[in-house]
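The values are calculated or read from the model by the stated rules, or taken from the named source; none is laboratory data. Everything numeric here is computed off the predicted structure, so don't read it as measured data. Quick reminder, even Gly has a Cβ in these numbers, built from the backbone with ideal geometry, and neighbours come from all protein chains shown. Surface areas here come from the heavy atoms of the whole protein model, side chains and all, with no ligands, DNA or RNA. Shrake-Rupley method; radii C 1.70, N 1.55, O 1.52, S 1.80 Å.
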Amino acid sequence: MHFLYLMLFSASSISGFVTDAANGEKLGFANIYFEDLDIGSAANELGYYIIHSVPIGSYRIACSYIGYETKIVPVQVKGNSKLFINFELEPTLMEVEGVSVSAERMRFEKEVEVSVVTFTPREIKAVPSLFESDLIKTLQLMPGVVAMHDLSNKMYVRGGSPDENLVLLDGITVYNPSTHLFGLFSTFNPDAVSDVELHAGGFPAEFGDRLSSTLNITTKEGNSKKYSGAASFGLITSKLLIEGPIPKGSFLLCGRRTYFDALVWGYSLITGDSISLPYYFWDGIAKVNFNPFPNDRFTLTALGGSDVLEFEESFGNRPEEKIKLEWGNRGTSLRWRRVLHPKLYGEFIGAWSNFLTHLWYEDYLDSTNNIHFYEDITDYTIKGDFDYYPNDDHSIAYGLDYKYLQFNYNLDATEMRLIDREENAHLTSAYFQDQWSIYPPILSVQYGIRSIYFNLGKKLCLDPRIGIKARVATNTALNLAWGKYSQFLITLNNQESYFSIFDFWRPVVADNDIPTAYHIIAGVEHWFGEKSRLTIEPYYKKYFNLLIPDQTNMFFSQPVENLQTATGYATGVDFFFRKDFEDLFGWISYSLAFTRREIGQTWYSPRYDRRHNLNIVIGYKIPRFIPVLKHSTLNLRWYFATGLPYAEDLARYRRWYYYPYSEYDEMYWYEWYNIKGPRDGHRLPLNHRLDLHLENNFRIFKLNGSWYIDVINVYDNKNILFYTYEPGEDPPEKKGYTLLPIPVPSFGFEIRF
Amino acid sequence: MKKFNAAMSLLILIFCSFHCDSITDTEYDNQFNICGVLRADAYSILMVQEVRVDQTYKMDERSEPWVDDAFVLLSYRTQLDTLYYYDGGLYHDYCDFEPLDTVSIMAIKDGLDTLFGSTIIPGPISIIHPNPHNTVSFSDSIILKICDNGAMYYGYGEKIEGWDRLEAYYLPEENDTLIIIPLQGFGDYLGVGYYHFQFVVFDSNYYNYFIDNDSIVSAGVTGGIGLFGSSYMTEIYFELVE
């Protein structure tokens, strides 16, 4: 204790937060340094910084961040003083695409980490998209992340299926992030997002319970300086965001809804046609920040959303029956962040997350036929995370995490419950990790361990993790990471299907071994100046005890009770090059990947095993001398990838039906059947596609705004999703089907106030 | 310039490998496709045995209506019987199979792999109740004795003077020794009168191919696809009264 006391209280230090002066948002990874001393630090992802061992004297301390004016503050340091200095940085007039690069460069300087990509909302919006900018579709352009098809909204990360990704939004675990429009849009409204951080592998001990990746999304804090907002109108959705200050804090409200149903309804009123589109989705995020004291910050986040499909069957004008299907994510988190001591930063989270599915069938003529099916997963989490900075060489994180999980599956008839299944699970985790600068800034190591106790089967897992970073040159680092990962929840629907509305989650039952993966990643990261970087990361991931549903439906996955135990591996190399000039920015990502699974003695490549995946994203600021398009940005995305494996129809045959004792002549008859090859015997043709996004900023009635046009599949390439053989001809005609048969335009505009 | 060349070489290599991985397995050789269910029954010694002989076709190949130039041979006990081409893809001959005979088939044709198949004739079925031509009531049951190698039982009845027809399937459990079929189990279609019932037992090849899983492509054959199975039939007449 005495030692701890000495470490905590014996030296002068300066700590505080870095925020944006315009809206109060945190600025993670800002650079803080003394102008007249050779010491400094970088803020963490929450904007918190600490500089240890500051000698007595008078100095000028500076805080800089690309895209913001550097702020310099004079300080007087006395013996054993603990100074708390917050920086509020004013944005410059310079465009802010560079901000993420700056933050990434600081991460390169400060962190021991591999396979991390970060995004800002601006980058998400810059990527061409179908109808609606989407966070997960942007992440699919990253190395190691594979999309199954042109409209897919699921992430297959380094050979892992989507249910192996941990998705967190402000501490809320989101179990079905890609549910909108039958899995085509994610549940995250980009307008409300502040930061996105994807660990594609080798993630540290503070994250757990998934085998492949973590996606950590942080929403905006809400503008604490002034009231502001934005309204945007697209082809299928409208969005509204309002944010502003409250006493000692800020709030943010954000929502969106599709209006195809309303447009079709309006059209039917005008034309008199009886047409309808009985589907819509909505989602919203509400957030309140409250800072009652300088060292305390409370944040309440609420997330909600639903997809609703509702239609009536009528006989003439008389409605006879109604079917309504509704599903969606809901969640709440309350976070209390407290600077317990300049060297000790704590965050306490209580979170509730729920994914609920309802199906109602109502028979207007005979109510005894009515049924109500519902299925849900509920996650109650209590968590404490601590960051302890004892000195410049160590950055320690530790924490405790308890989850209570409920799984319900019910079917109610009018007066009776036909199915009533409830399962519960408790998951208790503790972790410790230390980032140790052994020989700064050349050699650093991050080691840690996560222990998890799972009550079903009373299983205890110890998952060690280690990362090593060697700065072999000022701009070059070699990274190595190894770790063990365990997962305690699985999905009952096969993750290889092209479409799924949502996943059916269940705990791993006591009889099954815990699905486990080992990651090993060796990478090199090189910076070309301050604004361009190249990473090359070979990786190998070994799987054990995977539980895979015994169903291989290509189109829609459905839950099944039969699970097969599988092993497997995923290996490959990811290349990522990101560049940021003043008028030209973008990235190139390329992945070479091999994914194999073994069930029984049979090895196969799952349907998401895309061997090569190349994405090129380029943004170009159109010169101002071009009329009409001045203040415009043109973004292009080109995609080129190997086709997915599939079971080709090799041959056909008459399947004869025969009953030998029939007294009639027609005792033989047949149907044509096809003989399929191995499930991964063939690959679909190469996929490629060019998308375009043109955005123009304007000012009208003292308001800023922008309009945009997107065109997906500009040169009309047919990316084949599947083949069929058309019967009726001999030989049958082979026909390929695509999801984007024509170039698809969309447009919209936004007004900011 | 060297860096540029190296980068271009790498790019060309990568793009070539995109194509190399497109197709991994395109070979397929056509095979025989047969459908034969051999018959034995309690009342006939020699019966016509038929096997339909067909083949598979590659997806881009025109199909022929049947195969008429194959050599088809049956062997059982110590006998060899060549089946002769009859019509419409059917090959037949008279054979006298008995329950529990193991019958093998071989089909040969140029350009196709030789097909082999095997089945064990199930049977015999004994009808324990009722006795032939007896009188039974609606509340009565038909009782059969389980036979060897039977995977599925099928009952088919019809009224001698009338249009009433009825059928029922029965899948025996592992330790069953009797099959009890209540006449009420045939539904409400039974009326009083004189009835003719046939009971057929099929082997596991037939059951697997037609009933258990219609996605399997072969049952009882190797070197080709299709079904080579067998059956045994018995029959009874009785009168149904109130």
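Residues in segment A:388-396: is at least one aromatic (Phe, Trp, Tyr), modelled with pLDDT under 95, open to solvent by 30 Å² or more (accessible area, probe 1.4 Å) and part of a strand (DSSP E or B)? There is no residue in segment A:388-396 that is aromatic (Phe, Trp, Tyr), modelled with pLDDT under 95, open to solvent by 30 Å² or more (accessible area, probe 1.4 Å) and part of a strand (DSSP E or B). Of all residues in segment B:51-79, those that are open to solvent by less than 40 Å² (accessible area, probe 1.4 Å), facing another protein chain (nearest Cβ under 8 Å) and touching a residue at least 24 places away in the same chain (Cβ under 8 Å) total 5.
Take A:TRP282 and decide whether it is closer than 30 Å to A:ILE371 by Cβ and in contact with a strand residue (DSSP E or B) (Cβ under 8 Å, 6 or more places away or on another chain). Yes; evaluated as a whole, the condition is true for this residue.
All conditions in (1) open to solvent by less than 30 Å² (accessible area, probe 1.4 Å); (2) more than 28 Å from the chain's Cα centre (by Cα); (3) more than 14 Å from chain B (Cβ to nearest Cβ); (4) modelled with pLDDT of 90 or more hold for A:ARG654, with the sole exception of (3).
Under the condition of being farther than 28 Å from A:TRP265 by Cα and in a strand (DSSP E or B), the residues counted in segment A:295-329 number 8.
Taking the conditions exactly as written (over 30 Å from A:LEU46 (Cβ atoms), touching a strand residue (DSSP E or B) at 6+ places or on another chain (Cβ under 9 Å) and among the hydroxyl-bearing types (Ser, Thr, Tyr)), does A:TYR345 satisfy them or not? Here the answer is no, as A:TYR345 does not meet what is asked.
Taking every residue in segment A:198-218 that is acidic (Asp, Glu) and pairing it with any residue that is assigned to a strand (DSSP E or B), at least 6 positions away or on another chain, the pairs with Cβ-Cβ distances below 6 Å are A:GLU206/A:ALA397; A:GLU206/A:TYR431.
Segment A:492-557 holds strands (runs of 3 or more DSSP E) entirely within its bounds, and those carrying 1 or more residues that are among the small types (Gly, Ala, Ser) and crowded, with 16+ Cβ neighbours inside 10 Å map to A:516-528, A:532-549. Scanning segment A:695-738 for residues that are open to solvent by less than 50 Å² (accessible area, probe 1.4 Å), closer than 27 Å to A:ASP680 by Cβ and away from every other protein chain (no Cβ under 14 Å) yields a count of 5. Among all positions in segment B:166-181, there is at least one residue which is at pLDDT below 90, open to solvent by less than 40 Å² (accessible area, probe 1.4 Å) and farther than 30 Å from A:GLU671 by Cα. Only residues that are facing chain B (nearest Cβ under 7 Å) and either touching a helix residue (DSSP H, G or I) at 6+ places or on another chain (Cβ under 7 Å) or over 25 Å from A:GLN551 (Cβ atoms) (or both) were counted in segment A:658-684, giving 4. Within segment A:617-651, the set of residues being open to solvent by 40 Å² or more (accessible area, probe 1.4 Å), away from every other protein chain (no Cβ under 14 Å) and not charged (D, E, K, R) comprises A:ILE618, A:TYR620, A:PHE625, A:ILE626, A:PRO627, A:VAL628, A:LEU629, A:HIS631, A:LEU634, A:LEU636. For segment A:201-228, what are the residues that are small (Gly, Ala, Ser) and open to solvent by less than 10 Å² (accessible area, probe 1.4 Å)? Listed by number, the residues that qualify are A:GLY201, A:ALA205, A:GLY208, A:SER212, A:SER213, A:GLY222. Only one of these is open to solvent by less than 20 Å² (accessible area, probe 1.4 Å), small (Gly, Ala, Ser), touching a strand residue (DSSP E or B) at 6+ places or on another chain (Cβ under 7 Å) and free of Cβ contacts under 8 Å to residues at least 60 places away in the same chain: A:SER306, A:SER333. Name it. The conditions single out A:SER306. Across segment B:210-236, the qualifying residues are those that are under 24 Å from B:LYS145 (Cα atoms) and over 9 Å from the mean Cα position of the chain (by Cα), and the one among them that is surrounded by the fewest Cβ atoms within 10 Å (Cβ to Cβ) is B:ILE211.
Residues are listed down the side, and each one gets a yes or a no for (1) within 29 Å of the chain's Cα centre (by Cα); (2) among the polar types (S, T, N, Q):
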residue: A:SER15; (1), (2): no, yes
residue: A:THR19; (1), (2): yes, yes
residue: A:LEU27; (1), (2): yes, no
residue: A:ILE39; (1), (2): no, no
residue: A:ASN44; (1), (2): yes, yes
residue: A:GLY47; (1), (2): yes, no
residue: A:PRO55; (1), (2): no, no
